[in-house]
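*Asks:* Okay, here's the structure, questions in a sec.
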Amino acid sequence: MAQLWGGRFTRETDKLVYAFNQSIAFDRRLLAQDIRGSRAHVRMLARQGILTETERDQILEGLDGIERDAASGKLLISESYEDVHSFVEAVLTERIGEAGKKLHTGRSRNDQVAVDMRLYIRDELDAVRGLLKELLGTILSIMEENTETFMPGFTHLQKAQPVTLAHHMGAYFEMFRRDAEHIASLRIRMNVCPLGSGALAGTTYPLDREYSARLLGFDRACDNSMDGVSDRDYVIEFISCLSVIMMHLSRLSEEIIIWNSNEYRFIELDDTYATGSSIMPQKKNPDIAELIRGKTGRVYGAMTQILTVMKGIPLAYNKDMQEDKEVVFDAIDTAKGCLRLMEGQLSSARWNAPRMAESACQGYANATDAADYLVGKGMPFRDAHTVIGRLVLSCIAAGCKLDDLPLASWKAESPLFEEDIYEAISLKACVERRMTKGAPGDMENEIRSSRDFLASL
Ligand code: ARG
C-alpha cells in the first residue's frame, strides 16, 4: 500500500478500506493519457519558470521511460498503488529522484484525473467514429448493389408496400449517419481542458493554462475551475451517444434475426458469424445478432448508472466520481465490439433476392398501387381504397394474388380497370414509380448523398 498523502496520518488504512477505495485495478487503462497530461504540465511549469529546464528534461525522460517500459511489459503496473496517478509519480521519483517530486506542483489529482478522462474519451470518440465509418461503408455497398432487389416493406411487421433492399438499408445508413454526427458535435463541445483547475480553486502558481491546453490539443482551457474538476457531462453524453448507437444496432439485429429465420430466409449468415446447437444438428443460429441486441441493455444500464452517480454530487470533486470509469470503459468496449461484429456480420452475409421478391409479391403489398391506378383514372382516393379493399377480400377468399384476378373480376368492381392494371401493380412498377425524395425509386440521389457524407467523415 503506497499512498501519496501519508503525512497527516498516524495509522495505516484498513485493508478493506484500501481495497474499496483504490482505483488502480481499472484506471490503469488511463496510463497513456496520464503520462500525456504530465508531459504538458511539466513543459508549462518550466516555461513559466516554476521548474528549471533541467528538471523538466529529467521528468520528460523519466515519463518516456515509464511509457516505454509499460508498453514492453518490463514495468508492471503494481496494484499496491492507490491509482494510476500515484503509480506514475512514485515510479518517476524512484527512477529520477528529487525532480520527480516536483511534477505535482500546481496540480491536484482532481484536475489530473479530469484531464486524463477527457483525453481518453476524446480518443475513444475518434475510435467510435472510425468504426461507424466502416459500418456505413458496408451499408453503402449493400445499397449500391441492391437498388433492384425488391422486398416487402413492413409496418406492424405486416407486409405494407414493396421497397428495395437498398431503400431498407438506406434507413440504417441514416441512423448511423446521425450517430456519427452526434459523436462529431460532442467532440467539439468536450474539447476543453481542465488542467490547472487544481483541487477546485486553481492555484497560486502563475500557470499558463491556455498553453497546457494547446499542448494537449484542446481548443481552450475551461472557464471555471470548480466545473473543471467536477464536470462529467461529456461522459454522460458519450454514453448517451453509445446508447443510441446500440439501439440502432439492436433494431438491425432484430431484423437480421427475423430475416434469417426459416420462415423468411431473406438473408443467410456466413458460417463464421453463426453458431450451432449442442443437440439439434440442423441448427444455424444468429447468436451474434442476438448478443448485440442483448448487450444493448448493458449500455442502457451504464446510462442509468452514470446519471444516478452524478445527480447528488455537491461541488466540487467527490469520490463518487471515481465510479465514472468502469461504467464508461465497459460501455465503450461493448459498443465498439458490437459495431465491429455488426460490420463483419453484414459484409459476410448473403442476400436471397429471389426469396425477397417472391415475398414482396405476396400479402397484397401492391394494393396501394392498385388504388392509385384508379385515382389516376379520376376516382377519389377514398372510393378507390374501398374498391381495392373489396377485391383483396375476394382474393383472400379465393386464395390468390391481385395479379391473378382476371380482368372481368376487376371490371366487376369498377369499369375504369383496363388491361394495363397488371403492369401498374407489377413489383417493378410499384417500386420505380415511387420517385418522391427519399423513396425507393429515388435511390440514385440517396446513394449520392450517402457517398458524399461518407467521404466527409
Ligand atoms: N481515482 C480518483 C478518481 O478516479 C482520482 C482522483 C482522486 N482525487 C482525490 N481527491 N481523492 O476520481
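The values are calculated or read from the model by the stated rules, or taken from the named source; none is laboratory data. What you see is a predicted model; the values in this text were computed from it and never measured. Glycine also receives a Cβ, built like all others from the backbone with ideal geometry; neighbour counts cover every protein chain displayed.
*Asks:* Which condition number in (1) in a helix (DSSP H, G or I); (2) under 21 Å from Arg107 (Cα atoms) is the one that Tyr18 fails?
*Replies:* (2)
*Asks:* Is there any pair with a first residue in the range 73-84 that is within 21 Å of Lys15 (Cβ to Cβ) and a second that is among the polar types (S, T, N, Q) and surrounded by 12 or more Cβ atoms within 10 Å (Cβ to Cβ) whose Cβ atoms are under 6 Å apart and which are 6 or more apart or on different chains, and what are they?
*Replies:* Glu82/Gln3; Glu82/Gln22; Asp83/Ser23
*Asks:* What about Ile50, is it closer than 21 Å to Leu195 by Cβ, away from the ligand (no atom under 15 Å from the Cβ), free of Cβ contacts under 8 Å to residues at least 60 places away in the same chain and not charged (D, E, K, R)?
*Replies:* No, not satisfied.
*Asks:* What do you reckon, is Ser108 under 30 Å from Asp227 (Cβ atoms), among the hydroxyl-bearing types (Ser, Thr, Tyr) and surrounded by fewer than 22 Cβ atoms within 10 Å (Cβ to Cβ)?
*Replies:* It is true that Ser108 is under 30 Å from Asp227 (Cβ atoms), among the hydroxyl-bearing types (Ser, Thr, Tyr) and surrounded by fewer than 22 Cβ atoms within 10 Å (Cβ to Cβ).
*Asks:* While we're looking at this one, here's another question. Quick check on Tyr120: is it touching a helix residue (DSSP H, G or I) at 6+ places or on another chain (Cβ under 9 Å), of a type in the set (Ser, Thr, Tyr) and either within 16 Å of the ligand (Cβ to nearest atom) or outside any helix (DSSP H, G or I) (or both)?
*Replies:* So Tyr120 passes the test.
*Asks:* Let me ask you something else. Find the helices (runs of 4 or more DSSP H) located wholly in the range 305-404 whose residues include 2 or more that are over 30 Å from Phe238 (Cβ atoms) and in contact (Cβ under 8 Å) with a residue 24 or more places away in the chain, and list them.
*Replies:* Helices (runs of 4 or more DSSP H) meeting the threshold: 353-361, 367-376, 381-398.
*Asks:* Also: Of the residues that make up the range 293-304, is at least one β-branched (Val, Ile, Thr), under 30 Å from Val17 (Cβ atoms) and either away from the ligand (no atom under 16 Å from the Cβ) or under 25 Å from the mean Cα position of the chain (by Cα) (or both)?
*Replies:* Yes, the conditions are met somewhere in the range 293-304.
*Asks:* Could you check how many residues of the range 231-262 are part of a helix (DSSP H, G or I), among the charged types (D, E, K, R) and under 30 Å from Pro314 (Cα atoms)?
*Replies:* Looking only at that region, the number is 2.
*Asks:* Going by the structure shown, is Leu195 in contact (Cβ under 8 Å) with a residue 24 or more places away in the chain, within 16 Å of the ligand (Cβ to nearest atom) and part of a loop (DSSP other than H, G, I, E, B)?
*Replies:* yes
*Asks:* Return yes or no: is Gly399 touching a Lys or Arg at 6+ places or on another chain (Cβ under 6 Å) and within 30 Å of Arg265 (Cβ to Cβ)?
*Replies:* In short, no.
Quick grid of which residues meet (1) farther than 23 Å from Gly217 by Cβ; (2) loosely packed, with under 13 Cβ neighbours inside 10 Å; (3) not acidic (Asp, Glu):
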site: Gly6; (1), (2), (3): yes, yes, yes
site: Leu16; (1), (2), (3): yes, yes, yes
site: Asn21; (1), (2), (3): yes, no, yes
site: Ile24; (1), (2), (3): yes, no, yes
site: Asp27; (1), (2), (3): no, no, no
site: Gln33; (1), (2), (3): no, no, yes
site: Arg36; (1), (2), (3): no, no, yes
site: Gly62; (1), (2), (3): no, no, yes
site: Ala90; (1), (2), (3): yes, no, yes
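*Asks:* Could you list, in sequence order, the residues of the range 203-229 that are surrounded by fewer than 22 Cβ atoms within 10 Å (Cβ to Cβ) and within 16 Å of the ligand (Cβ to nearest atom)?
*Replies:* Thr203, Met226, Asp227, listed by residue number.
*Asks:* Filter the range 159-181 down to residues that are crowded, with 18+ Cβ neighbours inside 10 Å and more than 17 Å from Ile447 (Cα to Cα) and give me whichever is farthest from the ligand (Cβ to nearest atom).
*Replies:* Pro162
*Asks:* Would you mention how many residues in the range 92-117 are within 13 Å of the ligand (Cβ to nearest atom) and in a helix (DSSP H, G or I)?
*Replies:* The total comes to 9.
*Asks:* Considering Phe87, Phe150, which residue is more than 25 Å from the chain's Cα centre (by Cα), over 19 Å from Ile66 (Cα atoms) and among the aromatic types (Phe, Trp, Tyr)?
*Replies:* Matching residue, one of Phe87, Phe150: Phe150.
*Asks:* Anything in the range 123-159 that is touching a Cys at 6+ places or on another chain (Cβ under 9 Å) and part of a helix (DSSP H, G or I)? List them, or say none.
*Replies:* Leu125, Val128
*Asks:* Answer yes if at least one residue in the range 83-91 is outside any helix (DSSP H, G or I), modelled with pLDDT of 95 or more and within 16 Å of the ligand (Cβ to nearest atom), and no otherwise.
*Replies:* Among the residues of the range 83-91, at least one is outside any helix (DSSP H, G or I), modelled with pLDDT of 95 or more and within 16 Å of the ligand (Cβ to nearest atom), which makes the answer yes.
*Asks:* Of the numbered conditions (1) within 44 Å of the chain's Cα centre (by Cα); (2) under 26 Å from Ala384 (Cα atoms), Ala455 satisfies every one except a single condition; which is it?
*Replies:* Condition not satisfied by Ala455: (2).
*Asks:* When you go through (1) modelled with pLDDT of 95 or more; (2) farther than 23 Å from Leu186 by Cβ; (3) among the aliphatic types (A, V, I, L, M) one by one for Leu242, which number turns out not to apply?
*Replies:* Here Leu242 meets the rest and fails (2).
*Asks:* Here is a list of conditions, (1) under 26 Å from the mean Cα position of the chain (by Cα); (2) in contact (Cβ under 8 Å) with a residue 60 or more places away in the chain, and Met226 meets all of them except one; can you say which number that is?
*Replies:* It is condition (1) that Met226 fails.
*Asks:* Give just the number: which of (1) at pLDDT below 95; (2) farther than 30 Å from Val17 by Cβ; (3) of a type in the set (D, E, K, R) does Glu79 not satisfy?
*Replies:* So the condition that Glu79 fails would be (2).
*Asks:* Now a separate question. Are any residues in the range 69-82 away from the ligand (no atom under 16 Å from the Cβ) and either among the acidic types (Asp, Glu) or part of a helix (DSSP H, G or I) (or both), and if so, which ones?
*Replies:* Asp69, Ala70, Ala71, Ser72
*Asks:* Further, regarding this structure: Any residue at all in the range 333-347 that's within 12 Å of the ligand (Cβ to nearest atom), closer than 23 Å to His85 by Cβ and among the charged types (D, E, K, R)?
*Replies:* Checked against the condition, which is being within 12 Å of the ligand (Cβ to nearest atom), closer than 23 Å to His85 by Cβ and among the charged types (D, E, K, R), the range 333-347 yields no hits at all.
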